[in-house]
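Report on the following structure.
The values are calculated or read from the model by the stated rules, or taken from the named source; none is laboratory data. Here the structure is a predicted model, which means the values were calculated and not measured. Neighbour counts are summed over all protein chains in view; Cβ atoms, including those assigned to glycine, are modelled from backbone coordinates with ideal geometry. Accessible surface is based on the protein model in full, side chains and every heavy atom, while ligands, DNA and RNA are left aside. Shrake-Rupley method; radii C 1.70, N 1.55, O 1.52, S 1.80 Å.
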Amino acid sequence: MGSRPIIGITLAHDPEKGRFFCREAYLDAVQRAGGVPVLLPPVQKQDSLQVYRDLVAGLLLSGGGDLHPSFFGEDPCWKLGEVSLVRDKFEIALVKLVLDAGKPVLGICRGIQVLNVALGGTLYQDLSSQAPASLQHIQRGARKEPAHEVEIKKGSLLASVLGAERIWVNSFHHQAVKDVAPSLEAVAWSADGVVEAVELPGHDFVVGVQWHPEDLLEEEHAVALFRAFVAAAEQ
Ligand code: MN
């Protein structure tokens, strides 16, 4: 293993308390995979964004609240949850820069949605009202307990990284990818057809997953995902 790569992690926003924060599971997962986590609070200026782009060897877009639908051309529906324009604008701008630099990206939960919207895709603002036949995607069990199965596309990067074409995952989302961005490819689905993972063909490692692998580190597939991400950042 070479020198440990810096993995930038975006933060959740709690505007009421005036703070940004990171769940420790992300820090553990990145370190166990050989990376050094560095937390990235939102910045707005382009030259500040470029400093982040140059600093990180890989970018982890973390989970959290909803994306504002204005970023994919819609008005908010009634069941849209908490949003943060500060976080949305920052993450969309940063992921574009990091992708242009050819660096690896792992989007988790909200992160797959940011990746999709940044590249021109759309979201379900709320599955329960906009796709009512979908299965339960906000599980009631513990975060480390898988809730539903996903089928992974044969021959995809994700299938080769995970070494499996069917896995059980946890699920804590009421938004989801609707129209996949033109440059992205859907590579995993739950039984109801909801997109559970995407990747960007032609890049070493640009993957978004709708589940929370950082809470599933007892599962080999979750460990393998972080290892592949950090290994791509090492190069
Ligand atoms: Mn799900």
Checklist entry - Is it the case that some residue within region 98-108 is open to solvent by 20 Å² or more (accessible area, probe 1.4 Å), within 12 Å of the ligand (Cβ to nearest atom) and in contact with a strand residue (DSSP E or B) (Cβ under 8 Å, 6 or more places away or on another chain)? => result no
Item to check | Near pairs, Cβ below 8 angstrom, 6+ apart or cross-chain, from region 205-221 (within 15 Å of HIS173 (Cα to Cα) and of a type in the set (S, T, N, Q)) to any residue that is assigned to a helix (DSSP H, G or I) and open to solvent by less than 20 Å² (accessible area, probe 1.4 Å) | outcome: GLN210/ILE112
Checklist entry - Considering only strands (runs of 3 or more DSSP E) fully contained in region 1-61, which possess at least 1 residues that are open to solvent by less than 50 Å² (accessible area, probe 1.4 Å) and among the aliphatic types (A, V, I, L, M)? => result 6-10, 12-14, 36-40, 58-61
Checklist entry - If you check GLU145, GLU151, GLU185, GLU82, which single one turns out to be within 16 Å of the ligand (Cβ to nearest atom), open to solvent by 50 Å² or more (accessible area, probe 1.4 Å) and touching a strand residue (DSSP E or B) at 6+ places or on another chain (Cβ under 7 Å)? => result GLU151
Checklist entry - Are any residues in region 155-171 of a type in the set (D, E, K, R) and within 12 Å of the ligand (Cβ to nearest atom), and if so, which ones? => result none
Checklist entry - Take the residues of region 109-138 that are of a type in the set (A, V, I, L, M, F, W, C), outside any strand (DSSP E or B) and within 15 Å of the ligand (Cβ to nearest atom): which is farthest from the chain's Cα centre (by Cα)? => result ALA133
